[in-house]
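Reviewing the structure listed below.
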């Protein structure tokens with residue numbers, strides 16, 4: 001055997017070099033002319049949001065790629081981010097590979113592990129065997145977040161699944177000005193701040209250019225896969241203020257007018273049939289004119305933030321495309337631009353300036369939203385638009401992300417390849433699914449999927465190549481049925497027909513109403529044929545159950561909160577004590593102490609040489625939500641930040657020099673009197689401790705009832721967006737030895753509320 005290889009040695013070995021024959025194993029080689037592949041994956045961008053799909057949002061880079069390539073009107077996803085990524089990466093259905101729902105939890109069933117099975121190799125793993133170099137930039141979200149800490153395991157991180165370099169984030173979302181960043185297998189600080197002009201999108205494009213530039217310098221003869229998964233346009237919607245405000249006038253007429261304008265453009269483009277009907281407003285969406293003037297003003301700005309984020313991303317994507325041009329490799333680079341699901345309904349009827357407050361039961365009335373209107377899109381906001389605007393994003397389709405109607409699963413898809421695509425600006429209307437992408441790329445490159453990867457036998461690809469449609473507009477859609485399922489919502493497409501059932505959470509599945517649409521003749525799913533075609537509907541429902549059993553969809557599970565809560569309890573188990581030592585790095589939020597709705601104590605052992613030493617002892621979160629224990633002006637301070645509302649308690653005396661134990665004790669549900677009628681929360685008492693002695697206290701009804709933050713934890717500093725009233729990182733000036741967090745066993749979570757909050761994260 002040769003070193004590091006199972007291939008037998010092909011030379012001969014004698015007693016001396018003169019009596020021996022050297023041999024070198026042949027390096028993997030790609031097929032002649034194999035293209036580079038650039039995949040640009042947007043997040044929560046609806047079917048109509050790109051300019052070339054009907055929007056007034058400025059996306060000239062994407063529009064030009066479409067004008068020089070192809071647009072698909074029938075590209076379908078899985079209704080959620082983790083699941084679509086699993087299907088795209090593997091060429092199989094998401095339940096089949098173990099990512100039936102989110103990477104955030106393992107439900108205990110084969111289809112719901114939250115992690116891609118080893119038997120389902122990724123596109124990167126398949127290409128590596130043919131000499132490709134593979135680079136992942138941006139959002140990953142197919143690793144269980146309980147495996148996102150410093151000890152991994154790393155087998156589900158990008159470098160463990162075929163990528164050679166990684167720069168991005170593992171979670172579903174992150175703050176664009178102070179992101180949770182990972183470089184390869186290490187959590188790192190962002191390379192800039194909001195104050196000096198940092199934005200994650202710009203950083204991700206910079207890193208994409210660097211990876212490709214490094215590649216060209218080292219191995220210009222070898223093709224590459226570069227996967228760029230932007231945070232845009234997942235909440236928080238954050239972009240430069242001047243871009244955001246430039247859209248106020250564009251959307252002042254509201255979502256009803258916007259829908260009609262987008263549909264008219266789509267018909268003019270030939271993107272949808274001329275007889276496509278606009279569906280009624282989605283459930284719970286009021287007419288624009290029924291909202292007050294103040295509401296309309298706020299809603300317009302929230303939509304402008306979404307538009308500004310997409311516009312800003314397109315501007316930076318232009319730099320990446322220009323780099324491909326100037327480096328002379330654009331001609332043989334396949335560029336794909338798409339979205340992972342439909343636009344998000346998680347902003348609810350009124351949207352949010354900072355969702356972190358409402359998701360912890362702190363109301364955000366319209367007057368407060370209006371007072372902060374000019375903050376929207378900035379560093380201390382976690383904004384999301386009302387679901388009326390999400391409805392407009394998905395024009396002309398029904399419902400949203402999470403749902404299996406068109407609004408959740410039908411998305412834009414642009415492909416550009418100058419060397420091979422001559423039909424510039426044409427449309428393709430074939431039904432295409434996310435799991436079809438990998439088989440298509442393999443066919444375009446000219447390779448077969450491997451039977452084994454790293455000694456593990458591989459399950460067959462389940463997607464079907466749509467490569468033929470690139471050159472043949474009349475090519476048929478896929479021949480096999482395609483099922484859909486998400487949180488109990490179900491659907492099945494087959495031969496131009498679609499059966500679909502919307503599932504109200506918590507209701508019996510047998511009560512769901514199935515609808516039937518001839519999708520080839522009814523693009524917007526407005527003509528329900530269930531009553532006139534009962535036999536066809538029955539056959540399709542039966543087919544759905546067959547597909548569900550085949551692809552590990554069962555058991556059906558519509559639970560939100562319980563699955564998150566059960567996973568957290570299983571991960572942490574009986575652990576109620578965390579010890580953080582000086583010199584450690586950043587701790588992601590899902591592996592940090594879970595102090596939601598419980599009593600706990602934080603104690604920091606420090607040594608202070610001078611009369612006072614200021615700085616952070618422990619911080620978890622960011623400017624939108626979190627907690628921080630720190631010393632400022634010689635006094636011990638604890639800040640409970642709930643949606644930007646700061647509940648501060650300051651010690652009644654200064655911290656003296658010497659060895660000290662500084663802490664805070666939180667006692668849950670301290671009630672001096674019965675709670676007010678309708679109240680969902682009790683009172684907690686926050687008591688500062690200096691060397692075990694009480695040094696000040698505060699009682700508040702605010703607290704971490706459903707989530708702490710989507711930003712993680714640090715000791716001795718606050719690395720990014722500051723939780724409290726200091727300038728980050730505000731490093732502790734004394735000697736910090738350790739921080740101990742001890743949690744009581746009295747945690748009681750509101751499952752429904754936890755589920756709603758966590759779903760806003762995805």
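Worth pointing out:
- Residue check for residue 218: surrounded by fewer than 24 Cβ atoms within 10 Å (Cβ to Cβ) and without any contact (Cβ under 8 Å) to a residue 12 or more places away in the chain: yes
- Comparison of 71, 92 shows that the only residue that is touching a strand residue (DSSP E or B) at 6+ places or on another chain (Cβ under 7 Å) and either assigned by TED's automatic domain parsing to the domain that holds residue 420 or under 21 Å from residue 138 (Cα atoms) (or both) is 71.
- Residue in segment 373-380 that is surrounded by 24 or more Cβ atoms within 10 Å (Cβ to Cβ) and in a loop (DSSP other than H, G, I, E, B) present: yes
- Residue within segment 564-586 that is closer than 14 Å to residue 404 by Cα and outside the structural domain of residue 402 (by TED's automatic domain parsing) present: no
- The conditions of being within 30 Å of residue 421 (Cα to Cα) and in a strand (DSSP E or B) are not met by residue 514.
- Among the candidates 241, 249, residue that is surrounded by fewer than 23 Cβ atoms within 10 Å (Cβ to Cβ), without any contact (Cβ under 8 Å) to a residue 60 or more places away in the chain and on the phi < 0 side of the Ramachandran plot: 249
- Index of the failed condition, residue 30 passing every other in (1) farther than 26 Å from residue 134 by Cβ; (2) more than 24 Å from the chain's Cα centre (by Cα); (3) part of a loop (DSSP other than H, G, I, E, B): (1)
- Among the residues listed as 626, 716, 621, 712, the single one being closer than 29 Å to residue 171 by Cα, at pLDDT 95 or above, touching a helix residue (DSSP H, G or I) at 6+ places or on another chain (Cβ under 7 Å) and crowded, with 21+ Cβ neighbours inside 10 Å: 712
- Selection status of residue 64, at pLDDT 95 or above and out of contact with any strand residue (DSSP E or B) (no Cβ under 7 Å at 6 or more places or on another chain): yes
- Of the candidates 180, 125, the single residue that is farther than 20 Å from residue 711 by Cβ, in contact with a strand residue (DSSP E or B) (Cβ under 9 Å, 6 or more places away or on another chain) and modelled with pLDDT of 95 or more is 125.
- Screening the candidates 517, 523, 509 for the property of being modelled with pLDDT of 95 or more and in contact with a strand residue (DSSP E or B) (Cβ under 6 Å, 6 or more places away or on another chain) yields one hit, 517.
- When residue 346 is tested against (1) crowded, with 19+ Cβ neighbours inside 10 Å; (2) modelled with pLDDT under 95; (3) farther than 26 Å from residue 76 by Cβ, exactly one condition is not met: (3).
- The residue list 429, 433 contains one member that is within 23 Å of residue 54 (Cα to Cα), in contact (Cβ under 8 Å) with a residue 60 or more places away in the chain and touching a helix residue (DSSP H, G or I) at 6+ places or on another chain (Cβ under 8 Å), which is 433.
- Tallying residues that are surrounded by fewer than 24 Cβ atoms within 10 Å (Cβ to Cβ), under 18 Å from the mean Cα position of the chain (by Cα) and within 17 Å of residue 89 (Cβ to Cβ) within segment 122-146 yields 1.
- Residue tally, condition part of a helix (DSSP H, G or I) and either farther than 20 Å from residue 250 by Cβ or without any contact (Cβ under 8 Å) to a residue 12 or more places away in the chain (or both), over segment 311-331: 13
- Check on residue 396, under 23 Å from residue 272 (Cα atoms) and touching a helix residue (DSSP H, G or I) at 6+ places or on another chain (Cβ under 7 Å): yes
The values are calculated or read from the model by the stated rules, or taken from the named source; none is laboratory data. Bear in mind that the values here come from a model prediction, so they are computed numbers and not experimental data. Note that we place each Cβ from the backbone using ideal geometry, even for glycine, and neighbour counts take in every protein chain shown.
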